[in-house]
2 protein chains.
Amino acid sequence: MNGGFSLPLSKDDIPPSDVILGKFLIIANVIPEALLEAQGAKIISLPKDSFLFMEGDMAQHYYQIKTGKIKMVNHNDDGKEFVQGYFEDGQSFGEPPLFKASHYPASAFGFKATELYKLSREKFLNLLRENFEVHLQFTTKLAQRMMYKAMMMKEISSHDPEHRILSFIDYIKKESQAGDKPFTVSLTRQQMADLLGIRVETIIRSVKNLAEKGELSIVARKIIR
Amino acid sequence: MNGGFSLPLSKDDIPPSDVILGKFLIIANVIPEALLEAQGAKIISLPKDSFLFMEGDMAQHYYQIKTGKIKMVNHNDDGKEFVQGYFEDGQSFGEPPLFKASHYPASAFGFKATELYKLSREKFLNLLRENFEVHLQFTTKLAQRMMYKAMMMKEISSHDPEHRILSFIDYIKKESQAGDKPFTVSLTRQQMADLLGIRVETIIRSVKNLAEKGELSIVARKIIR
DNA sequence: ATGGGTTTATGATCGAAATCATAAAGGGAG
DNA sequence: CTCCCTTTATGATTTCGATCATAAACCCAT
């Protein structure tokens, strides 16, 4: 999953559920910290439950998580939220608008207290210029996220909650590299709902149905497939 | 929209509607043809109404359209289709799975008879390696498509057909760089339906509603905003 | 251990988009 | 011009997820 880099991730102190939650959508474990520091990246702190930037803001900086967890999220008019993704240690987020100096399509929210590297747009582009391997690595991660979004769009468009849920679980299972081994979903049903654009109640009911059909099993409320 | 390159696009023989249709989702006018040829790209022909590759196939080649039009599309079990995007002259498509040697998340369909450059994965990556500007250009286009998908996911998830339609039209209007000038949507209602994951009838009714509300106007069945 | 907040659960009702059916209008090829 | 196919249009009906309401189970902090 790290695609070549061995960053000092030290996930030992993170509870298992979070590791799994992070597994999928860990999509851009991008730039070695040494390189960021060499370019002059600053380290900043984002408190839990606060926003780093809001949907619509102009993108000026590259951000990469040192430790913590960020939720990229859209809020529609009636307050409902749609989660574009979660990002954790070593991952970057919110880079797409950097390239054309445009605005963020979603807000960045501190799901946990988070420490981040912050690098100006110019220095970021410079870093890519001077480092083909990092650039390629970055593009690769972007491409992966792209495919995730393509998959989700297809699923979301053909609304059938059960199908959506299964595809989603299979995707994160694959990401987790669990192989054939039973895979435990560590997301809450609410989190799945926000990622899939479905109400919690519907998730709960659909999951139960899927369990009855034998497509997955529920043990101690956890979803296993 | 071309972002720096002036490719010999010669769109003169393409009717206006197609130019406009192509305007949006023209997102990766990527590699100068001279470079492709230098790397040894072959030119192949894809007949109208045929598939170049299918969802699930392993990605082995980089494709860039010389002339014609490609539709990237998913088919769900009951035959309904979801269109990920249209691509035209000068654009590339289906590149994300190239980076990790994985399979296509959607099928490529000849919306018109199309001539394409075809380049092996290795040579494509090589080309990026040797050409920072092209690589950056490519990443930029990928980032743009990414943002389009993020926007669409958010819209699709918060189902309100009218809202979705307006956001979509505003997006393609912006892409077309029409500014404040009235913008005529050149997509059929069916095409909009397939791009938005809504039924045609719903599009028709919603558009009519929006016209009554004054959000847009319909002239000779064409949607103007 | 206890209390408060979250997560899971379940039933009842509603509503909006999908579906089904049918037809008129437009457009292109010969 | 005419025929045929696509696109737009409109009404009737159905369906399934959203919504509302309520409560049990669980978990964590003090």
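Where nothing but the Cβ of Lys and Arg (+1) and of Asp and Glu (-1) is charged, how large is the charge dipole of the protein assembly as shown around its Cα centre, in debye to the nearest 20?
360
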- prompt: Measuring label to label, 7 Å along Cα→Cβ, what does A:Ile43 give against each other copy in nm, shortest first?
  reply: 5.7
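Could you order the peptides B:178-187, B:98-107 from most to least packed, using the average number of other C-beta atoms within 10 Å per residue?
Output ranking for B:178-187, B:98-107: B:98-107, B:178-187.
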- line: Answer in debye to the nearest 20: the dipole magnitude of chain B about its Cα centre, from +1 Lys/Arg and -1 Asp/Glu charges placed on Cβ, is 280
query: Using a basic spin-label model with each label point 7 Å from the Cα along Cα→Cβ, how many nm lie between A:Asp180 and B:Ala34?
result: 5.5
task: With a/c under 1.5 counting as rounded, go ahead and sort region B:16-144 into rounded, prolate or oblate using the C-alpha gyration tensor (a ≥ b ≥ c being the square roots of the eigenvalues; past the cut-off, prolate if a/b is larger than b/c, else oblate).
output: prolate
query: Carbon and sulfur: what percent of region B:96-225's accessible surface (1.4 Å probe)?
result: 52
message: Just the number: Rg to Rh for region A:88-195, Cα atoms, Kirkwood Rh, two decimals.
response: 1.01
Accessible surface buried once B binds A (1.4 Å probe; total of both sides; Å²): 4000
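Could you work out, residue by residue across B:95-105, how many beta carbons of other chains sit within 10 Å of that residue's beta carbon, and then give the average as an integer?
5
Would you work out the Kirkwood radius for chain A? I mean one over the mean of 1/r across all pairs of different Cα atoms, in Å.
Taking the inverse mean of 1/r over all distinct Cα pairs, chain A comes out at 18.4 Å.
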- request: Using all C-alpha to C-alpha distances in the protein assembly as shown, build P(r) with 10 Å bins and read off the rounded percent in each one.
  value: 4, 20, 31, 28, 14, 3, 0
- prompt: Per 5 Å bin from zero, what fraction in whole % of the C-alpha pairs of region B:158-224 is there, up to the bin with the longest pair?
  reply: 4, 17, 31, 29, 15, 4, 0
Dipole magnitude of region A:158-224, debye to nearest 20 (Cβ charges: Lys/Arg +1, Asp/Glu -1, about Cα centre): 200
- line: Here the whole-number average of other chain Cβ atoms within 10 Å per Cβ of B:67-76 is 2
- prompt: How well do other chains shield peptide A:138-144, expressed as the mean number of their Cβ atoms within 10 Å of each residue Cβ?
  reply: 6
- request: Could you tell me which of the pairs A:Lys100/A:Lys149; A:Lys66/A:Lys174; B:Lys173/B:Lys213; A:Lys141/B:Lys80; B:Lys100/B:Lys149 are separated by over 22 angstrom between their Cα atoms in the structure shown?
  value: A:Lys66/A:Lys174; A:Lys141/B:Lys80
message: Run lengths n ≥ 4 of DSSP H only: what is the helix-derived mean residue ellipticity at 222 nm for chain B, with -39500 (n - 2.57) per run over all residues, to the nearest 500?
response: -12000 deg cm²/dmol
field: Extreme residue, positive dipole direction of region B:16-144, given options B:Gln84, B:Gln64, B:Phe51 (C-beta unit charges)
entry: B:Gln64
- request: Kindly rank B:141-151, B:160-170, B:41-51 from highest to lowest mean number of other beta carbons found within 10 Å of each residue.
  value: B:141-151, B:160-170, B:41-51
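Which order do the peptides A:66-79, A:210-223 take when ranked by the mean count of other beta-carbon atoms within 10 Å per residue, highest first? Intermediate values should be presented prior to the final figure.
Working: A:66-79: 16.7, A:210-223: 12.6.
The packing order, highest mean first, is A:66-79, A:210-223.
The values are calculated or read from the model by the stated rules, or taken from the named source; none is laboratory data. In this text the structure is predicted, and so the values were computed from the model without any measurement. Cβ: placed from backbone, ideal geometry, glycine included. Neighbour counts: every protein chain shown. What goes into the accessible areas is simple: the full protein's heavy atoms, side chains included, and nothing from ligands, DNA or RNA. Shrake-Rupley method; radii C 1.70, N 1.55, O 1.52, S 1.80 Å.
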